[in-house]
Every structure is written in structure tokens, then in C-alpha cells.
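The values are calculated or read from the model by the stated rules, or taken from the named source; none is laboratory data. This is a predicted model, so every value here is computed, not measured. Please note: Cβ atoms are built from the backbone with ideal geometry, for glycine as well, and neighbour counts cover all protein chains shown.
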Ligand code: PMP
């Protein structure tokens, strides 16, 4: 095994809810840790999947032509600009495999989504981490970090875990300074939740800049995280490289069917976005009334400062059946990240947190 592989720290997925509930003897736990959709999957996606079960003796459509065609129409691009993947994780990995030679550099914010670093290392590339400025991606520092070995830049908009965002003006100015041969990967996993109209949306007028790769997912606003479907919209030449690298059946049949149905379920999408906006507003108002600072967000999640060791708070809340994300390993010692849940879930989170903090004095 090459050293660049053995040195990788494996991604630590959250434990399954069933295992947590068994260990702590709790039921009906509330999970606000993974920025998932609390409403469940689109009912239309569920119905479509059920009606396709009988065809599971067949291989999937390896070209994903129905879903790819729908996405191409939605954004006004050609099918050869679309690559679908086993979650957007898959597209991130394909970009790294397709574009990084040994020792090539990929720039990314620190902290940001962990899979950028892992995928770059797996491909023998060098992740170059550029610290945030406060809670914002530091685009000036990213430009300063560009070297002749820089092949790609990952930007998350809105950013996970901080909820901050990059506006259109700022991104446009940034692109003028990025060298011609560098890919800029705009990871827009949470953009459906963004409320600031000034946010840069790379698919508002796609493919104007061949360096920009837009990444989207069905895991968040569309509620299909378990099916694993994400996609990228990109220059046809870039897409052609990913098609060389990807597995022939990288998105399974049921996932393709579910995503296609969810894409047309506008009502569910609107309801999801609305539910999460209401949840965020409610949580932030209540936290503020409790004297707890939380931070503005364009995602379906936000950071809050509990002014105690976040690892301890995480563990104590877990024992009460409320699962949140500690930001300790991201360098925010006293911060939690939570996503908006259903109203009763949000209330339970607030109740457990308030109890815990009052006990701590
Ligand atoms: N990008 C960001 C910023 C994320 O937060 C996530 C999921 N946590 C992903 C990509 C991956 O999403 P998926 O693979 O489920 O599409």
C-alpha cells in the first residue's frame, strides 16, 4: 500500500440510530446530525420505487438516460454535460481520479466537507487546506495558495459546516484570478435552502465558464440520502473524463427511478424547504431567548455556541436521545451543528439542551 493511502484517516460515519438506541436504552431518538430531510423521502419517489421492484433482475441503465435527460432539460444543457453519481460523494471522487496526477494539488477550505480531502488523497493528489476567515471561505487566501501544481479548487456554497455563502459578485471577481486550467468545483449540496438572492448559483446560467463544475445532490432538499444520488453539470470534455473513470453502473436502478420522480415532485421540494426554514427560524429565536448564540445560515443547518466542551454536550444529549454534531474535531471547541427537524423534534432538542445547560450551571 502506498503511504499516501495508508496515511488516510477513514471517514467516520455516524453510528446507526438502532445501535445508539439499543446502547442507551432510548426510543424515538431525534437525529439532527447529518443535515437530512426530516419529512422523509418524496412520496412520489417511494411510489415509483415500489412499482419498479419487479425489474430488479435487470442491470440498471448504465447511461442513466431518463434522469440525465431530465436534468439536462431542467438546466437547459445537453445530456453530455451531465454526470450522475452514487451521491455527490461519487462525483467528487471521480473528479479527483480523473484530474489529479500524483502530487497535483487541490485547494479546499478548512474546515469543509471531509470527502474532498479523502478523495484527493486516494488519487495521489495533495490536499491544500486553506483556513476559513471567521465562518467564511477565504477566497483571497485560496488565490494566494495557487501554485503551478494546482489542478482544482473545491468551494462549498452554502458552506458546510458553517452555513456561510459566496455571492455572485464575489465569485465572479474570484474567477477572473483563477488560472485558466484550474477546475473550480462548486459544491451546491444545500443551495435549495439559500435565502439570500445574492448567492452565486452556478446553474442559474450554466456552462458559461468551462472551468466551473456544479455539484448537486438528492440527499438534502429532495430527501433521498439513502438512495445515494448526486450529479454534476460540467463542460462536456470534463464530463467525458468522468465517464472514463466511473463504474458502468454507478447509480442503481431504484435510485435512478426515485431521483427522477423526486425531481418532478415540486410540492414536496417546496414543503421541505419551507419546513426547514421554519425550523431554523424557530430554533434560532428560542436559542436567542435562552441566551445561546447561533450563527446565520443559508443551509438547512447552523452552528451554535454552547460555551461548554461540545464533545461533552454531544454525549449527554445522545444519552437523552437527541443526536447532534459536535464541531470539536473541526476546531470549534464549544460549537454544535444541528439541522432543522420537525417541530416536535426541534422542541425536544431545545428542552434537552436547556436542561443540560442549567444542570451545568
Ligand atoms: N457536499 C456537502 C457539502 C455535503 O455536506 C454532503 C453530505 N453531507 C455531500 C457533498 C455529499 O452528499 P451526497 O453524497 O449524499 O450526495
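A few notes on this one:
- All conditions but one from (1) farther than 25 Å from residue 218 by Cβ; (2) touching a residue at least 40 places away in the same chain (Cβ under 8 Å); (3) within 15 Å of the ligand (Cβ to nearest atom) apply to residue 132; the one that does not is (2).
- Every residue from segment 184-211 that is more than 16 Å from the ligand (Cβ to nearest atom) and either at negative phi or not assigned by TED's automatic domain parsing to the domain that holds residue 162 (or both): 195, 196, 197, 198, 204, 205, 206, 208, 209, 210, 211
- For segment 153-183, the tally of residues that are touching a strand residue (DSSP E or B) at 6+ places or on another chain (Cβ under 9 Å) and away from the ligand (no atom under 15 Å from the Cβ) stands at 10.
- Checklist (1) crowded, with 22+ Cβ neighbours inside 10 Å; (2) under 21 Å from residue 188 (Cβ atoms); (3) not assigned by TED's automatic domain parsing to the domain that holds residue 154 applied to residue 36, failing item: (1)
- As for segment 78-86, it holds at least one residue that is within 13 Å of the ligand (Cβ to nearest atom) and under 30 Å from residue 328 (Cβ atoms).
- Residues that are part of a loop (DSSP other than H, G, I, E, B) and either modelled with pLDDT under 95 or touching a strand residue (DSSP E or B) at 6+ places or on another chain (Cβ under 7 Å) (or both) within segment 309-331 comprise 320, 321, 324, 327, 331, listed in sequence order.
- Selection within segment 222-250 - surrounded by 18 or more Cβ atoms within 10 Å (Cβ to Cβ) and within 11 Å of the ligand (Cβ to nearest atom): 222, 224, 227, 228, 229, 230, 231, 232
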